[in-house]
Amino acid sequence: MTTEKFNLAEFEKKYVARLNDRTLDWNVLKFQEEIDPTYRRAQMRYIGRGATANNDANVIQAEHFTLSTMVLPAGCQGPLHLHDDVEEVFFVIKGSITALIQEEGSDEVHEIVLNERDCISSPPGVYRGLRNDSDEEALMLVMLGAVKPNLPTYPKGSALEELRINRAKEREAIIKGN
């Protein structure tokens, strides 16, 4: 049993993330936007780095999962991608999105419309993506079920998959602090 007195200020510093201390990161997924301008979106991290592995000292350190918000502008999309090691949850806070689901090895892409306060959980091994078909931006909560998920893959032969292969070494260096 610890004899050290509980320090609320230290607890808050370590475990509380406030909106006014965060900024939207429009650059974290910019590599995708450079392939296709409709892939433009922004992330605001709260818990953990996520699959991008960006070093953000302003987040609560993850122990079991990551949590961020994402802005998806009108007419934009998050491309189909696959996490082989982790489930990914999208919870719509504002607006509506179309979730895209594709089984690995299949050409068929299924569409599921999600409105405010709707949620989808994509298991490992299933391609998932998002599209905003509306005239207003959408705001989502995004959770990944691991502290440091593997880098997602994209459909074979796509420009994003070729780019991912080239960036894999860069990501490992970031995680290792090099």
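Mind listing whichever residues of the stretch 1-46 are out of contact with any Lys or Arg (no Cβ under 9 Å at 6 or more places or on another chain), in a loop (DSSP other than H, G, I, E, B) and surrounded by 15 or more Cβ atoms within 10 Å (Cβ to Cβ)?
R41
List the pairs whose first member sits in the stretch 24-35 and is farther than 13 Å from L72 by Cα, whose second member is basic (K, R), and whose Cβ atoms are under 8 Å apart, counting only residues at least 6 apart or on separate chains?
Partner pairs satisfying both residue conditions: F31/R167.
Which number in (1) assigned to a loop (DSSP other than H, G, I, E, B); (2) more than 19 Å from P124 (Cα to Cα); (3) polar (S, T, N, Q) marks the one condition that T69 misses?
Single failed check for T69: (1).
Among the listed residues A62, A74, which satisfies the condition of being assigned to a loop (DSSP other than H, G, I, E, B) and in contact with an Asp or Glu (Cβ under 6 Å, 6 or more places away or on another chain)?
A74
Just checking: which of the strands (runs of 3 or more DSSP E) contained wholly in the stretch 101-171 hold 3 or more residues that are surrounded by 17 or more Cβ atoms within 10 Å (Cβ to Cβ) and at pLDDT 95 or above?
Here the list reads 126-131, 138-144.
Could you tell me whether L80 is touching a residue at least 24 places away in the same chain (Cβ under 8 Å), under 14 Å from L130 (Cα atoms) and either surrounded by 16 or more Cβ atoms within 10 Å (Cβ to Cβ) or in contact with a helix residue (DSSP H, G or I) (Cβ under 9 Å, 6 or more places away or on another chain) (or both)?
When the stated conditions are applied, L80 passes them.
Residue under question is I97, and the condition is that it be closer than 20 Å to L144 by Cβ and surrounded by fewer than 19 Cβ atoms within 10 Å (Cβ to Cβ); does it hold?
Working: closer than 20 Å to L144 by Cβ: yes; surrounded by fewer than 19 Cβ atoms within 10 Å (Cβ to Cβ): no.
So I97 fails the test.
Does L130 fit the bill of being touching a residue at least 24 places away in the same chain (Cβ under 8 Å) and either under 17 Å from V71 (Cβ atoms) or among the acidic types (D, E) (or both)?
Yes.
The values are calculated or read from the model by the stated rules, or taken from the named source; none is laboratory data. Here the structure is a predicted model, which is why all the values come from computation and not from measurement. Glycine also receives a Cβ, built like all others from the backbone with ideal geometry; neighbour counts cover every protein chain displayed.
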